[in-house]
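Encoded as structure tokens, the structure appears first; notes follow it.
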Amino acid sequence: MTRTPVIAGNWKMNLTKRKASSLAREVAAHHGASTSRRCIVFPTYVHLDHVRRNLRGSGVVLGAQNCWGKKEGAFTGEISPYMLRDMGAQLVLIGHSERRHVFGETDAWIAEKVKIALKAKLEVMLCIGETYEERQASKTYEVLERQIQALKVVQNQYVTKISLAYEPVWAIGTGETATPGMAQDAHQESRRMASDILGADVAEQMPILYGGSMKPSNAAELLRQPDVDGGLVGGASLSIDQFGPILDAVSGS
Ligand code: PEP
């Protein structure tokens, strides 16, 4: 089966409104009308609308970096997935390692968010990944298995709206990258675990992206692995000089 490669830029808490808008225009121009890959950008909430306007007419998909796990109510400072949808986002990242490790989000809370985001008609990219200590203790698959249980909340009508991003925590923003072999093993195992929950056909079609210091020099080899269907790129997504070559690396995969 052939899965369309996905390259996504997680802009995190970076850029001004002007810089985000201009980066959006550069990404849109670079991606063009390509149908051989999917391109997604995740700006910060307050830039969503500006970025949406600057992506208009391009095939680049707009995503949000997080959401709250409720539709509406007394949750000062939070953003509902329904609001994101209303703002033009098509997709939301859930369970990014910074949400888990800096903000203390639990697996149960992440599962709640997955459920409501799908109900709000957003696609969900669920992030999973082990810490350095967990890998050293040979607990990588145990951790992935625990995090993947969030897929149990996915109802049948939404199974095609889910993708995974395998992001080993020790590789995020550190310059350390998983070897292509490590990434392939983790992706293959994650697909097997997802297939236990969602069924083999769904798991076979589900994109699994790699994230963790992906850059132009390592993207092509990572993307060549049979179960690596794309990249979730942090630091290197902030300039088109870095992100452009990563987008182009899928053609060689
Ligand atoms: C990320 O934050 O999702 C990420 C992969 O960051 P970086 O590429 O900077 O490691």
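Please treat every number below as a calculation from the coordinates, not as lab data. Being a predicted model, the structure only gives us computed values, none of them experimental. All Cβ positions, glycine included, derive from the backbone under ideal geometry; neighbour counts span all protein chains shown.
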Enumerate the amide H contacts of Gly129 below 5 Å, restricted to partners 5 or more residues apart or on another chain; note that Pro and chain-start residues carry no placed amide H. Glu167
The long-range amide H neighbours of Leu93, using H built 1.01 Å from N in the peptide plane and a cut-off of under 5 Å, are Ala64, Gln65, Asn66, Met125
Going residue by residue through the stretch 88-104, the Karplus relation 6.51 cos²θ - 1.76 cosθ + 1.60 with θ = phi - 60° gives ³J(HN,Hα) values, rounded to whole Hz and with x marking Gly or Pro, of x, 6, 9, 8, 9, 7, 10, x, 3, 4, 5, 5, 6, 9, 8, 9, x
Among Gly57, Ala165, Gly181 the positive-end extreme of the charge dipole of the chain (Cβ point charges): Gly57
Between rounded, prolate and oblate, where does the stretch 125-253 land on the alpha carbon gyration tensor, with a ≥ b ≥ c its root eigenvalues, rounded for a/c under 1.5, else prolate if a/b exceeds b/c? oblate
Label-point separation in nm, Thr2 to Gln149, each point 7 Å along Cα→Cβ: 3.9
Once the Cβ-Cβ distance between Gln188 and Ala108 is put in as r, and R0 is 30 Å, what FRET efficiency do you end up with, to the nearest 0.05? 0.65
Residues whose placed amide H lies under 5 Å from that of Gly9, excluding near-sequence neighbours: Ile40, Val41, Phe42, Val233
Entries of Lys70/Lys113; Lys115/Lys152; Lys17/Lys161; Lys12/Lys115; Lys71/Lys115; Lys19/Lys215 with Cα pairs more than 18 Å apart: Lys17/Lys161; Lys12/Lys115; Lys19/Lys215
Rounded to the nearest 0.05, what FRET efficiency is calculated for Phe75 and Tyr141 with R0 set to 45 Å and r the Cβ-Cβ distance? 0.80
Obtain the nm distance between the two label points defined at Thr16 and Ser217 by a simple spin-label model: each point lies 7 Å from its Cα along the Cα-to-C-beta direction. 3.1
If you take every residue apart from Met13 with its C-beta less than 15 Å away from the C-beta of Met13, what net charge results, scoring Lys and Arg +1 and Asp and Glu -1? +3
Along the stretch 69-76, what does the Karplus equation 6.51 cos²θ - 1.76 cosθ + 1.60 (θ = phi - 60°) give for ³J(HN,Hα), rounded to whole Hz, x for Gly and Pro? x, 9, 6, 6, x, 7, 10, 3
